[in-house]
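Student: Mind having a look at this structure? Questions to follow.
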Amino acid sequence: MTESLIEITDLTKIYGTGAIAVHALRGVSATVARGEFVAVMGPSGSGKSTLMNILGCLDRPTSGTYVLGGEDVSRLSKNRLAGVRNRQIGFVFQSYNLLPKSTAARNVMLPLLYNGHQHLTDGECHERAVSALELVGLGDRTHHRPNELSGGQQQRVAIARALVNDPSLILADEPTGNLDTQSSEEIIELLHKLHDQGVTIVMVTHEPGIADHAERVIHFLDGQIVSDKLNGAKRKGGKL
Amino acid sequence: MSLWRTFKVAWEGLTLNKARSFLTTLGVIIGVGAVIVMMAVSAGAEAEIADQINALGANLVMVMPSFSRGGFGSGMGAGAGRMPGLTYEDIDAIAQNVTGINGVSAEQTTNQTVKAGSTTLEDVSIVGTTAGFPDVRDYRVAEGRFLTDIDNDRVNKVVVLGYDVAHELFGEQSAVGQSIKIASTKFTVVGVMGEKGVVGNTDYDGRVYIPLTVVFKKFTFARFGGDSVRTIYVSAESKEVMEDVMSQVTTVLIRQHDVDPASPDFSLTTQESIIDTAASTTEAFRDLLAWVAGVSLVVGGIGIMNIMLVSVTERTREIGLRQALGARPRDVRLQFLFEAVMLSLLGGLVGVIAGVGGSYLFNELGTMRTELVTESIPLAFSAAAAVGIFFGYYPATRAAQLDPIEALRRE
């Protein structure tokens, strides 16, 4: 048995009240172990985005508990949640969300600026940003701005940014959704590499070919988990 | 996030959009500049007035005819048919009977053509005055002598030239003893005044001085009250004897004019009280200007608020991203507050430079006299900072309260 990183128990999320209330999550329970690579699938409106928001500490559940790395984060204040996001979670978005006028290095540094626990100097921040960029294979692109990079490179910058604070969990929301096949493959390969180094990854996708790369696939429908099974795990080089 | 980091992030936010940042600060620049220039202009006006009044001489008591109580009627009744006004005899009586004074004088000015040999000067100020003039004005003769009481009593056609007039008429030659013609009357030059230059509005060096009685006889018409002067200047020996001098002058003139002491046909005022009156006027003027300038500063602040609100809307995604990466609401608020305060402080700084430069330029170009009010600089600067905090707070709070999920979803 490996140690569990995420334990969610009976999570519900209701938007609005009374007749217009929307039940986005209807009692979801799951456990993700440290080092796992999980894909979450489901049609739009199935509740997978809501789950990702809660897992990402961007939102709080209406009821139920969410234990991340041994700490119950389901009832923390906004300020405390910001701290948890900063140190424990790295986000990878479908549309990269890079600051368009800042260089790759400055973009990667961003989470370090909000890290109040380690008092890093500007120089140390820059060093860590550069080594994160080297890790994703962009050591020679530190001073490029997003518009000077390809989509795949931009997403790799975003992954470097997600890694820079050394989080326990990477949350990737359709990381290949805006990319061509070639770039998607590169990104998946990079995620595999990180996974091999022990990073826990939870990835939302609607492409079965991408989900096949994960060790485990969870299917959502109408706010509930309808299937949760381990993958026959095609590893590196699998066809998309 | 540390304050320094927040400051740097905010600074980056501003420099990434330089043109907009500049346009946003324009309102504050103009506001702060206006505050400083306005205060300098009104201080300059105040100083100008004080200078003009001081130029009259120190510890001065001014006697003026008064028509306020019954006007001409009472004057005629009490004074046995004489016209109201102040005469040469009044000046004489004060000079004879009042103690504790440096001198008494009056001035009646007329503009005439002055001629010497082949040189003609048009439109020269001819000042009719008395022997007391140099004492009252503290203005000395450089060569020869000034007018005397005898000159006035005998209506002598003698003249004392201002420095520039003497040089224009006679060049390097000595003017004393020469003859000149004022209008069609021949005068003998008895003295030349020292150099004094322009004080207030008066070019002392471009005037000539002749006995007051000569002006009355030759250039004005006694029949129309032309033998009276508008002001008699009495110079007291010191500030301490001013009160005493004033009461003596009053006594002498009441006897001289034979009027009811309860309603004299003249009034006394001091240079100080004129300065006070002038000062209170210019102060009101200055307050008004300061308000106008202050309003423009507030308008500048509203400009900042507008742009910050637009900026928050435009950068919603960025804010959402920062929140996702660990920015607390407080960090976001501070970032935007810092941006607003920096904008207004930069505006303040440029405004101070513009205001100081503008005041200096006005002075140099002779547009108007300005005197920089030193306190106006920290005042305007801190007002700008306050404007930044006040008008920056609302947009910053809006930014801090954004929901990261909504913000990230926004296109």
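Student: Tally time: how many residues in region B:352-411 are in a helix (DSSP H, G or I), surrounded by fewer than 22 Cβ atoms within 10 Å (Cβ to Cβ) and among the β-branched types (Val, Ile, Thr)?
Tutor: Residues in region B:352-411 being in a helix (DSSP H, G or I), surrounded by fewer than 22 Cβ atoms within 10 Å (Cβ to Cβ) and among the β-branched types (Val, Ile, Thr): 7 in total.
Condition check ((1) in contact (Cβ under 8 Å) with a residue 60 or more places away in the chain; (2) surrounded by 20 or more Cβ atoms within 10 Å (Cβ to Cβ); (3) more than 30 Å from residue A:6 (Cα to Cα); (4) touching a strand residue (DSSP E or B) at 6+ places or on another chain (Cβ under 9 Å)) across all residues:
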{"position": "A:136", "(1), (2), (3), (4)": "no, yes, no, no"}
{"position": "A:157", "(1), (2), (3), (4)": "yes, yes, no, no"}
{"position": "A:162", "(1), (2), (3), (4)": "yes, yes, no, yes"}
{"position": "A:165", "(1), (2), (3), (4)": "yes, yes, no, yes"}
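Student: If you check residue A:73 against the conditions, is it modelled with pLDDT of 90 or more, more than 13 Å from chain B (Cβ to nearest Cβ) and under 25 Å from residue B:8 (Cβ atoms)?
Tutor: No, not satisfied.
Student: Among the β-branched types (Val, Ile, Thr), within 13 Å of residue A:40 (Cβ to Cβ) and under 17 Å from the mean Cα position of the chain (by Cα): is that true of residue A:200 in this structure?
Tutor: Judged against the criteria, residue A:200 is not a match.
Student: If you go through region A:84-116 one residue at a time, how many are at positive phi and either facing another protein chain (nearest Cβ under 8 Å) or small (Gly, Ala, Ser) (or both)? Spell out how you get there, then give the answer.
Tutor: Keep residues of region A:84-116 that are at positive phi, which gives A:96-97.
If we keep only those that are either facing another protein chain (nearest Cβ under 8 Å) or small (Gly, Ala, Ser) (or both) too, we end up with A:97.
Final tally of qualifying residues: 1.
Yes/no matrix, rows are residues, columns are (1) of a type in the set (Lys, Arg); (2) more than 30 Å from residue A:84 (Cα to Cα); (3) surrounded by fewer than 16 Cβ atoms within 10 Å (Cβ to Cβ):
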site	(1), (2), (3)
B:270	no, yes, no
B:290	no, yes, no
B:300	no, yes, no
B:306	no, yes, yes
B:315	yes, no, no
B:337	no, no, no
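Student: Here's a follow-up. Enumerate the pairs (first residue in region B:312-328 and more than 7 Å from every other protein chain (Cβ to nearest Cβ) and under 19 Å from residue A:55 (Cβ atoms); second residue anywhere and modelled with pLDDT of 90 or more and in a loop (DSSP other than H, G, I, E, B)) with beta-carbon separation below 7 Å, excluding pairs fewer than 6 apart on the same chain, so at least 6 apart or on different chains.
Tutor: B:320/B:402
Student: Which of the residues belonging to region A:54-70 are within 9 Å of chain B (Cβ to nearest Cβ) and surrounded by fewer than 22 Cβ atoms within 10 Å (Cβ to Cβ)?
Tutor: Residue satisfying the conditions is A:59 alone.
Student: Scan region B:272-319 for residues that are among the basic types (Lys, Arg), part of a helix (DSSP H, G or I) and farther than 18 Å from residue B:40 by Cβ and report the count. So that I can check it myself, show each step before the final result.
Tutor: Taking region B:272-319 and keeping what is among the basic types (Lys, Arg), we get B:286, B:315, B:317.
Narrowing further to those that are part of a helix (DSSP H, G or I): B:286, B:317.
Narrowing further to those that are farther than 18 Å from residue B:40 by Cβ: B:317.
Of the residues in region B:272-319, 1 are among the basic types (Lys, Arg), part of a helix (DSSP H, G or I) and farther than 18 Å from residue B:40 by Cβ.
Student: Quick one: which strands (runs of 3 or more DSSP E) sit completely within region A:124-240 and have at least 1 residues that are at pLDDT below 90?
Tutor: A:224-230
Student: Only one of (1) in a helix (DSSP H, G or I); (2) under 30 Å from residue A:159 (Cα atoms); (3) touching a helix residue (DSSP H, G or I) at 6+ places or on another chain (Cβ under 6 Å) fails for residue B:347. Which number is that?
Tutor: (2)
Student: Go through region B:1-28 and give me each residue that's farther than 20 Å from residue B:375 by Cβ, aliphatic (A, V, I, L, M) and either surrounded by 20 or more Cβ atoms within 10 Å (Cβ to Cβ) or within 14 Å of chain A (Cβ to nearest Cβ) (or both).
Tutor: Of everything in region B:1-28, those that are farther than 20 Å from residue B:375 by Cβ, aliphatic (A, V, I, L, M) and either surrounded by 20 or more Cβ atoms within 10 Å (Cβ to Cβ) or within 14 Å of chain A (Cβ to nearest Cβ) (or both) turn out to be B:1, B:3, B:9, B:10, B:14, B:16, B:19.
Student: Does residue B:332 satisfy the criteria of being within 14 Å of chain A (Cβ to nearest Cβ) and either in contact with a helix residue (DSSP H, G or I) (Cβ under 6 Å, 6 or more places away or on another chain) or outside any helix (DSSP H, G or I) (or both)?
Tutor: Yes, satisfied.
Student: Let me ask something else. Read through the list (1) modelled with pLDDT under 90; (2) closer than 15 Å to residue A:225 by Cβ, then give the number of the only condition that residue A:31 fails.
Tutor: (1)
The values are calculated or read from the model by the stated rules, or taken from the named source; none is laboratory data. In this text the structure is predicted, and so the values were computed from the model without any measurement. We place every Cβ from the backbone using ideal geometry, glycine too, and count neighbours over all the protein chains shown.
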